[in-house]
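Note sheet for the following structure.
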Protein chains: 2
Amino acid sequence: MQIRKAEATDVPAIVEIIVPIIREGTTYALDPEMSEADALTYWTGPDKETFVAEEDGVILGTYYMRPNQAGGGRYVCNCGYMTRASANGRGVARSMCEHSLAYARSHGYRAMQFNFVISTNERAVRLWQSLGFEIVGRLPDAFRHPAHGHVDALVMYRLL
Amino acid sequence: MQIRKAEATDVPAIVEIIVPIIREGTTYALDPEMSEADALTYWTGPDKETFVAEEDGVILGTYYMRPNQAGGGRYVCNCGYMTRASANGRGVARSMCEHSLAYARSHGYRAMQFNFVISTNERAVRLWQSLGFEIVGRLPDAFRHPAHGHVDALVMYRLL
């Protein structure tokens, strides 16, 4: 699997990956009804660096990185990762996160923060913990899950 | 003191209040060099509702409110408060926060979250605690303070 910066030709694959996950509305705090154009802008906008994970010419996943805050807060980055549904369970998210940690380190970031990990997304929580992230905050009832009602969201963080 | 929605005629006063605080770079994770136009957009942009605190025709402070996340996260609001330097110590921030809590409650929010309270801003931390906010997260070394180097930032939260 090769992980590299996204190019314009990757846009259709990125849309294929991110739109169904946004529509599902269970793992990201994004409007499930947002347009494809808005979804793409969210994922690849000028405030972000966007990457793709490619294998045998197929894009299996994508992630973005951005400074989580400006000014004195710009040394902490934030990332979002999405895997193509058909590639779940193959370690794509883990590979992308490992790539992002190395990339962030080499680009001057001192820490990485996930602002809003939905507590019911247990697989993600375990994955991030296995990659060195700690739950540094818990936001009671901060996310209205379409199936479970209001559930906690977690702030996860690791120094680089 | 009257607290009301900001109007176009309040723009000069808002700029007078927020720009010096942004330039100082010690309490908000914003680029201290940002232009006045960008500062104003940050504070009054279309994603926000902006308020001012007025006494005897003078704007003493201003705050904004916005949903902290989209989608299932839109029931938690985020606010920022700034007081005119010459009015510090007169309870302007407390009054604005009390106003915002009532406003948020009456507009369907279930909680209020401050994402990035800089730990050296002890007066603010104590004020928010006295208004019912809890420190629900600590972000180690997440803010580079111009005088103190890297210091922790706090996530503060209260249900409404």
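If I filter the stretch B:68-87 for residues that are among the basic types (Lys, Arg) and surrounded by 20 or more Cβ atoms within 10 Å (Cβ to Cβ), do I get at least one hit?
Within the stretch B:68-87 (the criterion being among the basic types (Lys, Arg) and surrounded by 20 or more Cβ atoms within 10 Å (Cβ to Cβ)), the answer is yes, since at least one residue qualifies.
Just wondering, is there one or more residues in the stretch B:53-61 that are farther than 18 Å from residue B:3 by Cβ and not in a helix (DSSP H, G or I)? Working first, answer last.
Pass one, the stretch B:53-61, residues farther than 18 Å from residue B:3 by Cβ: none.
No.
Criterion first (buried (at least 22 other Cβ atoms within 10 Å of the Cβ) and over 14 Å from residue A:28 (Cβ atoms)) does residue A:129 satisfy it?
On the way: buried (at least 22 other Cβ atoms within 10 Å of the Cβ): no; over 14 Å from residue A:28 (Cβ atoms): yes.
Spelling it out, it is not the case that residue A:129 is buried (at least 22 other Cβ atoms within 10 Å of the Cβ) and over 14 Å from residue A:28 (Cβ atoms).
For the subset of the stretch B:14-30 comprising residues that are more than 23 Å from residue B:49 (Cβ to Cβ) and assigned to a loop (DSSP other than H, G, I, E, B), which member is nearest to the other protein chains (Cβ to nearest Cβ)?
B:25
Within the stretch B:27-37, does at least one residue satisfy the condition of being in contact (Cβ under 8 Å) with a residue 40 or more places away in the chain, of a type in the set (D, E, K, R) and surrounded by fewer than 18 Cβ atoms within 10 Å (Cβ to Cβ)?
no
Of the residues A:89, A:132, A:137, A:149, which single one is over 21 Å from residue A:48 (Cβ atoms) and modelled with pLDDT under 95? Please lay out each step first, then the result.
Details: A:132 fails: modelled with pLDDT under 95; A:137 fails: modelled with pLDDT under 95; A:149 fails: modelled with pLDDT under 95.
Answer to the check: A:89.
Within the stretch B:62-82, can one find any residue that is away from chain A (no Cβ under 14 Å), touching an Asp or Glu at 6+ places or on another chain (Cβ under 6 Å), modelled with pLDDT of 95 or more and in a strand (DSSP E or B)?
Of all residues in the stretch B:62-82, those away from chain A (no Cβ under 14 Å) come to B:62-65, B:79, B:81-82.
Within this subset, residues satisfying the condition of being touching an Asp or Glu at 6+ places or on another chain (Cβ under 6 Å) are B:65.
Subsequent filtering for residues that are modelled with pLDDT of 95 or more retains B:65.
Subset that is in a strand (DSSP E or B): B:65.
There is at least one residue in the stretch B:62-82 that is away from chain A (no Cβ under 14 Å), touching an Asp or Glu at 6+ places or on another chain (Cβ under 6 Å), modelled with pLDDT of 95 or more and in a strand (DSSP E or B).
Considering only residues that are assigned to a strand (DSSP E or B), touching a Lys or Arg at 6+ places or on another chain (Cβ under 9 Å) and farther than 24 Å from residue B:143 by Cα, which ones fall in the stretch A:83-139?
A:83
Which condition number in (1) within 13 Å of another protein chain (Cβ to nearest Cβ); (2) within 21 Å of residue A:68 (Cβ to Cβ); (3) touching a strand residue (DSSP E or B) at 6+ places or on another chain (Cβ under 9 Å) is the one that residue B:43 fails?
(1)
For the stretch A:68-97, which residues satisfy the criterion of being touching a residue at least 24 places away in the same chain (Cβ under 8 Å) and within 23 Å of residue A:47 (Cβ to Cβ)? Let's see the steps before the verdict.
Initially, the stretch A:68-97 is screened for residues touching a residue at least 24 places away in the same chain (Cβ under 8 Å), giving A:68, A:75-80, A:82-85, A:87, A:90, A:92-97.
The answer is A:68, A:75, A:76, A:77, A:78, A:79, A:80, A:82, A:83, A:93, A:96, A:97.
Identify the single condition in (1) within 14 Å of chain B (Cβ to nearest Cβ); (2) farther than 18 Å from residue A:116 by Cα; (3) in contact (Cβ under 8 Å) with a residue 24 or more places away in the chain that residue A:5 does not satisfy, given that it satisfies every other one.
All conditions pass for residue A:5, except number (1).
Look through the stretch A:130-155, keep the residues that are over 18 Å from residue B:72 (Cβ atoms) and of a type in the set (A, V, I, L, M), and return whichever of them is farthest from the other protein chains (Cβ to nearest Cβ).
By that ranking, first place goes to A:131.
Give the residue that is farthest from the other protein chains (Cβ to nearest Cβ), with candidates limited to residues of the stretch A:85-125 that are within 20 Å of residue A:20 (Cβ to Cβ) and of a type in the set (S, T, N, Q).
A:86
Restricting the search to the stretch B:40-67, which residues are under 24 Å from residue B:119 (Cβ atoms) and over 11 Å from the mean Cα position of the chain (by Cα)?
The answer is B:42, and nothing else.
The values are calculated or read from the model by the stated rules, or taken from the named source; none is laboratory data. From a predicted model like this one, the values you see are computed outputs, not experimental measurements. Note that we place each Cβ from the backbone using ideal geometry, even for glycine, and neighbour counts take in every protein chain shown.
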